[in-house]
1. Quick one: in the stretch 318-365, what % of C-alpha pairs are over 16 Å apart?
2. Describe numerically, in nm with one decimal, the distance between label points set 7 Å from Cα along Cα→Cβ at L79 and at A507.
3. Got a sec to turn the phi values of the stretch 370-376 into Karplus ³J(HN,Hα) couplings, 6.51 cos²θ - 1.76 cosθ + 1.60 with θ = phi - 60°, whole Hz, x for Gly and Pro?
4. With 10 angstrom as the radius, rank K446, K53 by how many other C-beta atoms surround their C-beta, starting from the fewest.
5. Tell me the relative contact order for the chain as a rounded percent, counting alpha carbon contacts under 8 Å between residues six or more apart.
6. Report the gain in length on full extension from L372 to A125: 0.36 nm times residue separation, minus Cα-Cα distance, nm rounded to one decimal.
7. Based only on other Cβ atoms within 10 Å, what is the fewest-to-most ordering of V188, V37, V140?
8. Sum -39500 (n - 2.57) across every DSSP H segment of at least 4 residues in the chain, then divide by the residue count to get the 222 nm mean residue ellipticity, nearest 500.
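Read-outs throughout are calculated quantities, based only on the coordinates presented, and are distinct from any laboratory measurement. This structure is a prediction, so every number in the text was calculated from the model and none was measured. All Cβ positions, even for glycine, are placed from backbone atoms using ideal geometry, and neighbour counts span all protein chains on display.
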Amino acid sequence: MRRTDLEAVLEAKGISKRFPGVLALDGVHLALLPGEVHALVGENGAGKSTLIKVFTGVYHPDGGELRHLGAPAAFGTPLDAQRAGISTIYQEVNLVPMMSVARNLLLGREPRGRFGVIDATRMYAEAARILSGYGVETDVRRPLRTLGIGAQQMVALARAVAVDARVVIMDEPTSSLEPREVETLFGVIRRLRDEGIAVMYVSHRLDELYQVCDRVTVLRDGRVAHTGPLAGLDRLKLISLMLGRDLNEVKAGGLTRFSRDRHRAADGQPPAVEARGLTRRHVLDGIDVSVRPGEVVGLGGLLGAGRTETAKAIVGAMPLDGGQVLVAGLPLRGGSTTAAIRAGISLLPEDRKAEGIVPTLSVRENIALAALPSLARAGVVSDAKIDRMVEIFMRRLRIKAASPNQLVSELSGGNQQKVLLARWLAVRPKVLLLDEPTRGIDVGAKAEVQALIDELAAEGLGVLLISSDLEELVEGADRILVLREGAVVGELTGDQVTEERIMATIAEQSDDMVTIAERSDD
C-alpha cells in the first residue's frame, strides 16, 4: 500500500462543473499521489469524463480549486496540462491514422539533423526501440491505420509516457487490447508506479482494478461516493457503491442481469440465420454458425480469432471467397448490408465511434437513420412517425438525454450504445448480431443491455453475442462457439458452458484435442 501522507502531484479540491441544466461535478475531492495507481470508477454520466477534462485543461471548473505540485493551477488548454507533465490516454485512439507509426510516436519531438531537418533514420530507430518495450514489433514506417486497434492503443500509451509525464491518466486503456497486450500494459503501469509517477486508471473492468490499483474513488451523480484503499474492498460492495444500491440487492441480483434460465429457442423451426462455410483467405476458415429464433448464441475466442469478421461476413460487410448465408432457410441474395437488413439481419458494431453513431446528428436522427425507408410514403417521411418511434425506444431503453434533439456525441458511452441498439431494433430484425455490446460502458448500463438481450430473446429474436467478457458469455448465451485463427474449434452446450471450458477450448491445439477433452468429462 502506498503512503497517503505524500504531497499530491495533482489534486481536485471541491471541484464543481455545471452545464446547462446539469451539475456534472459537485464538490469533488480527489488527490493523485506519486507512485500510486488510483482507480476512478462510476456509472456513465457519474462525472468521470468531466473530471478528466478538468484535470487536462479541456474544461475550466466553475467552483473549487485545482492544485498541481501543491500550488494552485489553471490549465488554459490541454497543451498547458501536457507541458505540466499530465498525459492522457483515451479509450478511442487519438492519433493521426495516415501518418507513420514513428511520426505519431515522436510527433513534435522528432530527432533533427543539420538545418532542422528531421533525421528519419534516427527517428525510425528510436521509435522501434521505444515500441519494443511495449511488446509492439512492427515496421514503424508504415501508416498507423494499418495496425490493429490494440497496437494503435499501445502506440498511444508509449507516446503519452514518453513525454516526461508526472501524471498519466488512462481512460479505458484495455478496451481494445488482447490478453497478451493487457499484461504488457499492466507491466508498464507497475513500472510507472515504481518510478514515482501518479496514474489515474479509469475502467469498467473490475478485475483489472484489483490487479493494478492501490486506491479507488467512486463517483455517483457528480459526487464522491467513496474514496479509500482498494485492497479489502469487496467487489460486490464496490458495485453497490457505484450503483447506489443496497449490497444485499446486488448479491441477490448477481453480477450480470441475464436470466438464470436458458432461453427457449423455437424447436423444429429452421434457423433464423445460418452461415455455411464462410471463408476469406487468412481471415475465416470455413465458419459454420446458426441462430434459431429466441436463441442467444455466443462467439468466444481471443481478439483476432475471427469473431468480428464472422459477424461482418454474415451481414454482408466483408467480401468472402466462399460460403453462403441463409435466412429462414433461404439463401441471402445480394451479398450487401442493405440486402441483409432487408432480410432481417442487423449488426451492432464493436466500434460505436467509427462504425456506429453519427456524432454530428441528434439522438433522434441517429435512432431513425436505418428505419427511414420503412417510414417513408411516396418518398416523404412523416416527422410524426419518427417522433413516435423515437419516443418509444428512448423510453424502452431508458436513454438519458436532455431531449431527442441533443447531439448524440454529447451522451455518455452507455447511452450512445443504447441509441445504436434503438436504431437496429427500429427496423424490426429477425436476428441481431451484437459485437461487444457492453464494451466500455458502466455496470448500470451494462446490466440494462444484458436484461434487454434476455427480453429480446424471450420475444423470439435470434441473437449472436460476441463478448470478451467470459462471465457475460456464460450467463447470457445458450450455447457458445469458440473460434481460434478464423476457425470454429469447439461448441459448448448445456453444462459445458463455463468459463473454464471456454478457456480450455481456446487453448487446445486441435479439434481432436477438444474432442478428447470433452470425452474426459463424460
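1. Value for the stretch 318-365: 55 percent of Cα pairs lie more than 16 Å apart.
2. Using points 7 Å along Cα→Cβ, the separation is 5.1 nm.
3. Working through the residues one at a time gives 6, 8, 4, x, 6, 8, 8 Hz.
4. K53, K446
5. Relative contact order here is 15 percent.
6. My answer for the length gained is 83.7 nm.
7. Final ranking by Cβ density, sparse to dense: V188, V140, V37.
8. -10000 deg cm²/dmol
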